[in-house]
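Working notes, structure below.
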Amino acid sequence: MALDPQCLSGRNAVVVGASSGINLGVAHRLGSLGAQIAIVSRSPDRIAAAADALRADGLDVTHHAGDVREATAMQAIMTEIADAKGPIDIVVSGAAGNFFVPAAKMSANAFKTVIDIDLIDTFNVLSAAYPHLKRPGAVLVNITAPQAERAMPMQAHACSAKAGIEMLTRCLALEWGVEGIRVNAVSPGPIADTEGLARLATDAELAKRIRDALALPRFGQLIDIGNAVAWLCSEAASFVTGTTINCDGGMRLGNLYAPG
Ligand code: COA
Ligand code: NAP
């Protein structure tokens, strides 16, 4: 079912980790459905360039630079956005960092770095937004990954972090639902032309093996994730909370008999 082209009209949406890739695609989709967008990431230059690209497509965008590992930075950004635009309707938390390294060679700081950027940040972002959320009606969406359920070699840090995000999603849904706040997650599979996929599929042969092991053997597109997030944010999902939408081409099914 197609989403109503104005289904997010006037909504005040914040997308964190939106200087590139999937989250920038999400920001674009929410904006194209009528939301006013604030995008956030660490690098001032990259987030400013992303905002320019969204504005070039006619979208209503502000941009904010801050490190998700710093709770006070996230608090200052959410306050700035709410002061300027009013209560926040939508928050998408999707900043992440990842690299391949066997657990036996992973330093304590390497493990901590990914936990900090992927999991602690989700708490920092959502708890910074909490005082400013529209009640009832706010929708929070965390970006997770199939690693939350599927163990993967060289991904002990990312698997642990994403599993934590999905549990955090359920805990916050339970605590905040009574205030009319919904909390969900979207788990993308491998998405074409993204940094995350480039770091996972380091050569063409590995990329082909990853693709062919999907139930739907193609890489996803940015719009696939944009649509999943937008649906969760829309009234069509008004009774949906505490869940993860797997928009992953069936990656979690773990095809043992994949060709190759
Ligand atoms: N293999 C093993 N260890 C690595 C590593 C790799 N490829 N890359 C980083 N590390 C280790 C570092 O050695 C360091 O540990 P140490 O102090 O024990 O040496 C620790 O991880 C932190 O690295 P640092 O470069 O200081 O972290 P950072 O905060 O500057 O950057 C990253 C974080 C490493 C995740 C960086 O790649 C990043 O910013 N990524 C964002 C984009 C991204 O990953 N996109 C995909 C999203 S799925
Ligand atoms: P990406 O383009 O590298 O985007 C990562 C974003 O996180 C960037 O905006 C980056 O900002 C931001 N970020 C990283 N560290 C930060 C920090 N410390 N503080 C603030 N912002 C920080 O990655 P992507 O591949 O699109 O992935 C986006 C999300 O989708 C991630 O949550 C990832 O786990 C998930 N995912 C991706 C895939 C895939 O196939 N790509 C599959 C499953 C799940 P700056 O670099 O500008 O600072």
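Odds and ends about this structure:
- Environment charge at PHE123 (Cβ cut-off 12 Å; Lys +1, Arg +1, Asp -1, Glu -1): -2
- Between 0 and 90°, nearest 10: helix 21-32 axis offset from the chain longest Cα axis: 30 degrees
- Principal-axis tilt of helix 222-233 within the chain, Cα atoms, nearest 10 degrees: 50 degrees
- With coordinates expressed along the principal axes, the C-alpha atoms belonging to the chain extend over 52, 43, 38 Å, beginning with the largest.
- For the pair LEU256 and THR72, the difference between a 0.36 nm per residue extended length and the Cα-Cα distance amounts to 61.7 nm.
- Exposed-site-free run, longest, the chain (rule: chymotrypsin sites (Phe, Trp or Tyr not before Pro); DSSP loop; at most 11 other C-beta within 10 Å): 1-238
- Probe 1.4 Å, protein heavy atoms only - accessible area per residue of the chain in square angstrom: 45 Å²
- Label-reachable residues, region 217-232, where backbone N falls under 18 Å from a point 7 Å from SER43's Cα toward its Cβ: none
- Apportionment of accessible area to carbon and sulfur, the chain, percent (1.4 Å): 58 percent
- Angle in degrees between helix 44-56 and the longest Cα principal axis of the chain, rounded to the nearest 10: 70 degrees
- If R0 is 30 Å, the Cβ-Cβ spacing of PHE239 and GLU175 corresponds to a FRET efficiency of close to 0.95.
- In region 186-260, trypsin sites (Lys or Arg not before Pro) in a DSSP loop with at most 15 other beta-carbon atoms within 10 Å: ARG218
The values are calculated or read from the model by the stated rules, or taken from the named source; none is laboratory data. Since the model is a prediction, treat every value here as computed from it, not as a measurement. Ideal geometry is used to build each Cβ from the backbone, glycine not excepted, and the neighbour counts take in all protein chains shown. For accessibility, only protein heavy atoms count, side chains too; no ligands or nucleic acids. Shrake-Rupley method; radii C 1.70, N 1.55, O 1.52, S 1.80 Å.
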